Amino acid sequence: MARGSVRTKIFVVSMRNAAERRRIFIDSAIPDAISWKFFDAHEMLHPDLHYDEDRAIVTKGRPLTKGELGCYSSHYALWKQLINDDADQYLILEDDILADWSFVRQLIAEDHAEAGRDYIRLYYKKPAPARILQKDFICRATRLIEISGYCFGTQAYLLTKNGANRFLAHAGDVTRPIDDQMDRSWIHGIPNLAVFPFPVLERSVPSAIGTGRFKSYEIPQRLKLKRFVSRNRQRAGYQILGRRRFRFQL
(Lines give C-alpha, C1' and ligand atoms only; values in the text may rest on other atoms or scores of the structure.)
Protein backbone atom coordinates (compact mmCIF):
# COMPACT_ATOMS: atom_id res chain seq x y z
CA MET A 1 0.00 0.00 0.00
CA ALA A 2 1.48 3.34 -1.02
CA ARG A 3 2.14 6.03 1.51
CA GLY A 4 -0.95 8.19 1.92
CA SER A 5 -3.39 5.48 0.75
CA VAL A 6 -3.74 3.87 4.18
CA ARG A 7 -7.17 4.44 5.68
CA THR A 8 -7.00 5.77 9.24
CA LYS A 9 -9.93 6.88 11.38
CA ILE A 10 -9.61 8.89 14.58
CA PHE A 11 -12.00 8.40 17.50
CA VAL A 12 -12.02 10.41 20.71
CA VAL A 13 -13.51 8.49 23.64
CA SER A 14 -15.67 10.84 25.70
CA MET A 15 -18.67 10.60 28.01
CA ARG A 16 -21.82 11.68 26.20
CA ASN A 17 -22.58 14.34 28.82
CA ALA A 18 -19.00 15.69 29.12
CA ALA A 19 -19.85 18.97 27.41
CA GLU A 20 -17.00 21.02 28.89
CA ARG A 21 -14.32 18.40 28.14
CA ARG A 22 -15.62 18.11 24.60
CA ARG A 23 -15.60 21.87 24.12
CA ILE A 24 -11.97 22.11 25.30
CA PHE A 25 -10.96 19.27 22.99
CA ILE A 26 -12.67 20.89 20.00
CA ASP A 27 -10.85 24.14 20.77
CA SER A 28 -7.41 22.46 20.99
CA ALA A 29 -6.17 23.67 17.58
CA ILE A 30 -6.95 20.51 15.60
CA PRO A 31 -6.09 21.18 11.93
CA ASP A 32 -9.01 21.14 9.52
CA ALA A 33 -7.13 18.53 7.47
CA ILE A 34 -7.49 15.96 10.28
CA SER A 35 -10.87 14.25 10.36
CA TRP A 36 -12.08 12.79 13.66
CA LYS A 37 -15.23 12.13 15.69
CA PHE A 38 -16.29 11.57 19.28
CA PHE A 39 -17.05 8.04 20.43
CA ASP A 40 -19.59 7.97 23.24
CA ALA A 41 -17.95 6.15 26.14
CA HIS A 42 -19.75 3.13 27.57
CA GLU A 43 -21.10 3.45 31.07
CA MET A 44 -21.94 -0.23 31.54
CA LEU A 45 -20.22 -3.53 30.79
CA HIS A 46 -20.24 -4.47 27.10
CA PRO A 47 -22.61 -7.42 26.53
CA ASP A 48 -19.81 -9.53 25.03
CA LEU A 49 -17.68 -9.19 28.17
CA HIS A 50 -17.79 -11.22 31.37
CA TYR A 51 -16.86 -9.78 34.76
CA ASP A 52 -16.61 -11.80 37.98
CA GLU A 53 -15.81 -9.71 41.05
CA ASP A 54 -14.03 -12.51 42.92
CA ARG A 55 -11.75 -13.16 39.93
CA ALA A 56 -10.92 -9.47 39.75
CA ILE A 57 -10.02 -9.43 43.45
CA VAL A 58 -7.77 -12.48 43.01
CA THR A 59 -6.13 -11.01 39.90
CA LYS A 60 -5.95 -7.30 40.70
CA GLY A 61 -6.31 -7.25 44.48
CA ARG A 62 -9.60 -5.36 44.42
CA PRO A 63 -12.89 -5.16 42.50
CA LEU A 64 -13.00 -2.99 39.42
CA THR A 65 -15.01 0.22 39.62
CA LYS A 66 -17.98 1.10 37.42
CA GLY A 67 -15.77 3.65 35.66
CA GLU A 68 -13.10 1.06 34.94
CA LEU A 69 -15.67 -1.34 33.52
CA GLY A 70 -17.04 1.44 31.32
CA CYS A 71 -13.54 2.35 30.13
CA TYR A 72 -12.75 -1.30 29.38
CA SER A 73 -16.00 -1.65 27.46
CA SER A 74 -15.40 1.53 25.44
CA HIS A 75 -12.02 0.42 24.12
CA TYR A 76 -13.26 -3.14 23.57
CA ALA A 77 -16.16 -1.78 21.50
CA LEU A 78 -13.80 0.27 19.34
CA TRP A 79 -11.62 -2.78 18.69
CA LYS A 80 -14.68 -4.74 17.57
CA GLN A 81 -15.79 -1.84 15.39
CA LEU A 82 -12.36 -1.67 13.71
CA ILE A 83 -12.56 -5.32 12.66
CA ASN A 84 -15.63 -4.63 10.49
CA ASP A 85 -14.70 -1.11 9.41
CA ASP A 86 -13.38 -0.09 5.99
CA ALA A 87 -10.48 1.61 7.81
CA ASP A 88 -7.09 -0.10 8.05
CA GLN A 89 -6.23 1.35 11.44
CA TYR A 90 -7.65 3.54 14.20
CA LEU A 91 -6.08 6.29 16.23
CA ILE A 92 -7.88 6.15 19.58
CA LEU A 93 -7.67 9.19 21.84
CA GLU A 94 -9.29 10.26 25.08
CA ASP A 95 -10.80 13.70 25.49
CA ASP A 96 -8.31 15.00 28.09
CA ILE A 97 -5.23 15.11 25.84
CA LEU A 98 -3.08 17.72 24.12
CA ALA A 99 -1.47 16.60 20.86
CA ASP A 100 1.26 17.56 18.44
CA TRP A 101 -1.08 17.43 15.47
CA SER A 102 1.74 17.84 12.97
CA PHE A 103 3.27 14.58 14.22
CA VAL A 104 -0.14 12.91 14.35
CA ARG A 105 -0.84 13.81 10.72
CA GLN A 106 2.40 12.14 9.62
CA LEU A 107 1.83 9.11 11.87
CA ILE A 108 -1.62 8.29 10.52
CA ALA A 109 -0.36 8.49 6.92
CA GLU A 110 1.89 5.46 7.54
CA ASP A 111 0.74 1.89 6.92
CA HIS A 112 1.71 0.42 10.28
CA ALA A 113 0.31 -3.04 9.61
CA GLU A 114 2.59 -3.40 6.59
CA ALA A 115 5.53 -2.38 8.80
CA GLY A 116 4.53 -4.90 11.50
CA ARG A 117 3.55 -2.23 14.03
CA ASP A 118 0.11 -3.27 15.26
CA TYR A 119 -0.05 -1.16 18.42
CA ILE A 120 1.72 2.15 19.10
CA ARG A 121 1.18 4.26 22.19
CA LEU A 122 1.62 8.01 21.97
CA TYR A 123 1.61 8.45 25.75
CA TYR A 124 1.89 6.41 28.91
CA LYS A 125 1.81 7.21 32.62
CA LYS A 126 4.52 5.19 34.37
CA PRO A 127 8.24 4.73 33.54
CA ALA A 128 9.06 1.16 32.54
CA PRO A 129 12.02 -0.74 31.03
CA ALA A 130 12.28 -0.08 27.29
CA ARG A 131 14.55 -0.60 24.33
CA ILE A 132 14.95 1.52 21.21
CA LEU A 133 13.74 -0.10 18.00
CA GLN A 134 14.12 2.81 15.60
CA LYS A 135 15.66 6.27 15.73
CA ASP A 136 14.22 9.20 13.77
CA PHE A 137 10.81 7.53 13.70
CA ILE A 138 8.37 9.68 11.69
CA CYS A 139 10.54 12.74 12.34
CA ARG A 140 14.09 13.49 13.49
CA ALA A 141 15.00 12.80 17.13
CA THR A 142 11.83 10.78 17.78
CA ARG A 143 12.30 7.15 18.78
CA LEU A 144 10.11 4.11 18.40
CA ILE A 145 10.57 2.05 21.56
CA GLU A 146 9.33 -1.26 22.92
CA ILE A 147 8.22 -1.31 26.54
CA SER A 148 8.40 -4.20 28.99
CA GLY A 149 6.01 -4.37 31.92
CA TYR A 150 3.30 -2.05 33.09
CA CYS A 151 3.33 1.59 32.00
CA PHE A 152 -0.46 2.24 32.10
CA GLY A 153 -2.76 4.64 30.28
CA THR A 154 -5.11 4.54 27.29
CA GLN A 155 -4.92 8.25 26.47
CA ALA A 156 -3.64 7.82 22.91
CA TYR A 157 -2.71 4.84 20.74
CA LEU A 158 -2.77 3.64 17.15
CA LEU A 159 -4.14 0.16 16.46
CA THR A 160 -4.31 -1.96 13.30
CA LYS A 161 -6.93 -4.57 12.47
CA ASN A 162 -4.48 -7.34 13.37
CA GLY A 163 -3.76 -5.68 16.70
CA ALA A 164 -7.48 -5.36 17.41
CA ASN A 165 -8.06 -9.04 16.63
CA ARG A 166 -5.26 -10.11 18.94
CA PHE A 167 -6.41 -7.88 21.78
CA LEU A 168 -9.98 -9.15 21.42
CA ALA A 169 -8.80 -12.75 21.70
CA HIS A 170 -7.52 -12.07 25.23
CA ALA A 171 -10.04 -9.52 26.49
CA GLY A 172 -13.33 -11.36 26.97
CA ASP A 173 -12.89 -12.11 30.69
CA VAL A 174 -12.50 -8.85 32.59
CA THR A 175 -10.21 -9.29 35.58
CA ARG A 176 -8.10 -6.11 35.45
CA PRO A 177 -8.37 -2.56 34.03
CA ILE A 178 -8.05 -2.27 30.27
CA ASP A 179 -4.61 -0.62 30.33
CA ASP A 180 -3.28 -3.40 32.56
CA GLN A 181 -4.60 -5.91 30.04
CA MET A 182 -3.05 -4.09 27.09
CA ASP A 183 0.33 -3.85 28.84
CA ARG A 184 0.61 -7.64 29.18
CA SER A 185 2.55 -8.23 25.96
CA TRP A 186 4.10 -11.38 27.43
CA ILE A 187 0.60 -12.89 27.49
CA HIS A 188 -1.18 -11.63 24.35
CA GLY A 189 1.98 -11.38 22.23
CA ILE A 190 1.43 -7.84 20.86
CA PRO A 191 4.61 -5.77 21.26
CA ASN A 192 4.00 -2.77 23.50
CA LEU A 193 5.38 -0.07 21.21
CA ALA A 194 5.49 3.64 21.96
CA VAL A 195 6.78 6.94 20.62
CA PHE A 196 9.32 8.87 22.68
CA PRO A 197 9.31 11.78 23.39
CA PHE A 198 5.52 11.71 23.65
CA PRO A 199 3.62 13.53 20.90
CA VAL A 200 0.57 13.51 23.19
CA LEU A 201 0.21 14.67 26.79
CA GLU A 202 -2.57 14.26 29.33
CA ARG A 203 -4.15 17.44 30.66
CA SER A 204 -4.35 17.89 34.43
CA VAL A 205 -8.07 17.38 34.87
CA PRO A 206 -10.05 14.99 37.10
CA SER A 207 -10.28 11.51 35.64
CA ALA A 208 -13.62 10.53 34.14
CA ILE A 209 -13.08 7.06 35.66
CA GLY A 210 -13.04 8.49 39.18
CA THR A 211 -10.65 7.99 42.10
CA GLY A 212 -12.37 5.06 43.80
CA ARG A 213 -9.78 2.67 42.40
CA PHE A 214 -7.10 4.30 44.54
CA LYS A 215 -8.83 3.62 47.85
CA SER A 216 -7.47 0.87 50.08
CA TYR A 217 -9.27 -2.45 49.85
CA GLU A 218 -9.30 -5.30 52.35
CA ILE A 219 -9.22 -8.62 50.53
CA PRO A 220 -11.81 -11.05 51.95
CA GLN A 221 -10.25 -13.81 54.01
CA ARG A 222 -11.68 -16.49 51.71
CA LEU A 223 -9.70 -15.04 48.78
CA LYS A 224 -6.38 -14.14 50.43
CA LEU A 225 -4.58 -17.37 49.60
CA LYS A 226 -5.79 -17.30 46.00
CA ARG A 227 -4.65 -13.68 45.71
CA PHE A 228 -1.21 -14.56 47.11
CA VAL A 229 -0.76 -17.41 44.64
CA SER A 230 -2.04 -15.34 41.70
CA ARG A 231 0.23 -12.41 42.46
CA ASN A 232 3.33 -14.58 42.65
CA ARG A 233 2.45 -16.43 39.45
CA GLN A 234 1.99 -13.12 37.62
CA ARG A 235 5.35 -11.83 38.84
CA ALA A 236 7.09 -15.05 37.82
CA GLY A 237 5.50 -14.99 34.38
CA TYR A 238 6.58 -11.41 33.80
CA GLN A 239 10.14 -12.15 34.93
CA ILE A 240 10.44 -15.17 32.65
CA LEU A 241 8.59 -14.01 29.54
CA GLY A 242 9.04 -10.28 29.44
CA ARG A 243 11.53 -8.41 31.50
CA ARG A 244 14.81 -10.26 30.99
CA ARG A 245 15.52 -9.07 27.46
CA PHE A 246 14.93 -5.41 28.23
CA ARG A 247 17.03 -2.67 29.68
CA PHE A 248 16.70 1.11 29.87
CA GLN A 249 17.94 2.67 26.63
CA LEU A 250 16.17 6.01 26.51
Count - residues of the range 73-83 that are in contact with a Lys or Arg (Cβ under 9 Å, 6 or more places away or on another chain) and open to solvent by less than 10 Å² (accessible area, probe 1.4 Å) = 1
Might you let me know whether the range 84-99 holds any residue that is open to solvent by 60 Å² or more (accessible area, probe 1.4 Å), over 23 Å from Phe167 (Cα atoms), in contact with a Lys or Arg (Cβ under 8 Å, 6 or more places away or on another chain) and not hydroxyl-bearing (Ser, Thr, Tyr)?
-> yes
Which of the residues spanning the range 135-179 are within 22 Å of Ser14 (Cα to Cα) and of a type in the set (Ser, Thr, Tyr)?
-> Thr154, Tyr157, Thr160
For the range 12-58, name all the residues that are part of a loop (DSSP other than H, G, I, E, B), under 30 Å from Gln221 (Cβ atoms) and in contact with a helix residue (DSSP H, G or I) (Cβ under 6 Å, 6 or more places away or on another chain).
-> Leu45
Could you list, in sequence order, all residues of the range 119-137 that are more than 23 Å from Arg166 (Cα to Cα), open to solvent by less than 60 Å² (accessible area, probe 1.4 Å) and not in a loop (DSSP other than H, G, I, E, B)?
-> Ile132
Checked Asp100, Asp27, Asp48, Asp32 against criteria (over 30 Å from Leu225 (Cβ atoms) and touching a strand residue (DSSP E or B) at 6+ places or on another chain (Cβ under 9 Å)); the one match is Asp100
Does Tyr90 count as hydroxyl-bearing (Ser, Thr, Tyr), assigned to a loop (DSSP other than H, G, I, E, B) and within 30 Å of Arg21 (Cα to Cα)?
-> no
Residue within the range 38-55 that is closer than 19 Å to Asp88 by Cβ and under 22 Å from the mean Cα position of the chain (by Cα) present = yes
Are any residues in the range 141-159 part of a loop (DSSP other than H, G, I, E, B) and either open to solvent by less than 20 Å² (accessible area, probe 1.4 Å) or under 26 Å from Asp88 (Cβ atoms) (or both), and if so, which ones?
-> Thr142, Ser148, Gly149, Cys151, Gly153, Thr154, Gln155
Please enumerate the residues belonging to the range 167-195 that are charged (D, E, K, R) and assigned to a strand (DSSP E or B).
-> Asp173
Output the residues belonging to the range 27-51 that are free of Cβ contacts under 8 Å to residues at least 40 places away in the same chain and loosely packed, with under 12 Cβ neighbours inside 10 Å.
-> Asp27, Asp32, Ser35, Lys37, Met44, Pro47
Could you count how many residues in the range 101-114 are surrounded by fewer than 18 Cβ atoms within 10 Å (Cβ to Cβ) and of a type in the set (Asp, Glu)?
-> 1
Among what's in the range 3-26 and is buried (at least 16 other Cβ atoms within 10 Å of the Cβ) and over 27 Å from Val205 (Cα atoms), pick the residue that is modelled with the lowest pLDDT.
-> Val6
Would you be able to say whether some residue in the range 59-68 is closer than 30 Å to Ser216 by Cα, hydroxyl-bearing (Ser, Thr, Tyr), open to solvent by 10 Å² or more (accessible area, probe 1.4 Å) and in a loop (DSSP other than H, G, I, E, B)?
-> yes
For the range 109-118, indicate whether the set of residues that are modelled with pLDDT of 95 or more, under 18 Å from Arg184 (Cβ atoms) and not in a loop (DSSP other than H, G, I, E, B) is non-empty.
-> no
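The values are calculated or read from the model by the stated rules, or taken from the named source; none is laboratory data. All values reported here derive from a predicted model rather than from experimental measurement. Positions of Cβ are generated from backbone atoms using ideal geometry, with glycine treated the same way; all protein chains shown enter the neighbour counts. The protein model used for the area step is the full one, side chains on, heavy atoms only, and it has no ligands, DNA or RNA in it. Shrake-Rupley method; radii C 1.70, N 1.55, O 1.52, S 1.80 Å.
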